[in-house]
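Student: The structure under discussion is supplied below as structure tokens; questions concerning it will follow.
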Amino acid sequence: AGHTLTGHLVVTGSHVTIKNLTIDYKNTFSESEDGTLTVNKTAISVFSDNVTIDNCVINCSTDHWLSNAITVFPTSEDANIVLTNNTINNANQSVGGDLASGIQIVEGYSYDYTGLDDAQKPEGTSKVMTNFDALAVMENNEIKNATTDISYIDYSENDAVTKAIQ
């Protein structure tokens with residue numbers, strides 16, 4: 001509490017709580033990267049079946065690519081993802097038809113394309129959750145100046161069906 005992180009945070013553990021953290025996240029990357037991989041363009045990337053992100057402030061900025069606040073890749077169908085009391089600012093980029101999001105839920109996506117390579121990533125693909133309540137997330141978080149407040153993306157059928165909530 002009371003500290004500011006200026007990089008991105010990748011969560012791969014279960015039963016993790018992130019609380020009272022400020023993140024000033026700018027999508028920057030080395031010359032060998034292009035800023036398109038998920039962990040390069042998101043302040044908090046979650047690969048978990050149980051995580052709570054509570055009372056955090058995420059300030060996004062970028063020069064020329066997307067900057068998302070929170071992206072969740074659920075690792076089980078009954079994942080318990082709690083996102084509450086967070087303030088998200090300026091996830092507001094649009095590049096090449098891709099939209100930045102305050103919160104993204106990404107289901108049915110192969111972990112091979114996330115940018116984690118083999119570093120502590122779960123095997124296979126993210127799971128389609130049976131109990132995620134997007135309305136509750138909308139009611140319990142403040143998202144300001146975002147291109148898309150919540151983006152719900154399902155790759156399990158038809159290779160990327162997006163349900164954006166603005």
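Student: In whole Hz, what ³J(HN,Hα) sequence does the range 7-15 give by Karplus (6.51, -1.76, 1.60; θ = phi - 60°), x for Gly and Pro?
Tutor: Couplings: x, 10, 10, 10, 9, 10, x, 9, 6 Hz.
Student: Please list, in chain and number order, the residues 5+ apart from Y152 or on another chain whose amide H is under 5 Å from its amide H, with Hs placed from the backbone.
Tutor: I105, K163, A164, I165
Student: Take each of the peptides 94-107, 64-77, 139-152, average the number of other beta-carbon atoms within 10 Å over its residues, and list them starting from the highest. Intermediate values should be presented prior to the final figure.
Tutor: Details: 94-107: 20.3, 64-77: 22.7, 139-152: 18.1.
Descending mean neighbour count gives 64-77, 94-107, 139-152.
Student: Given 0.36 nm per residue, what is the gain on full extension from E77 to T52 after removing their alpha carbon distance, in nm?
Tutor: 7.3 nm
Student: Moving on. Report the local net charge at A43: Lys and Arg +1, Asp and Glu -1, summed over other residues whose C-beta lies under 10 Å from its C-beta. If you can, show how the numbers build up before the last one.
Tutor: Numbers: positive: K26, K41; negative: D24.
Counting the neighbours of A43, the net charge comes to +1.
Bear in mind that the values in this text are calculations on the coordinates, not laboratory data. As the structure is a prediction and not an experimental result, all values here were calculated from the model. Counting neighbours? That spans all protein chains shown, and the Cβs are built from the backbone with ideal geometry, glycine included.
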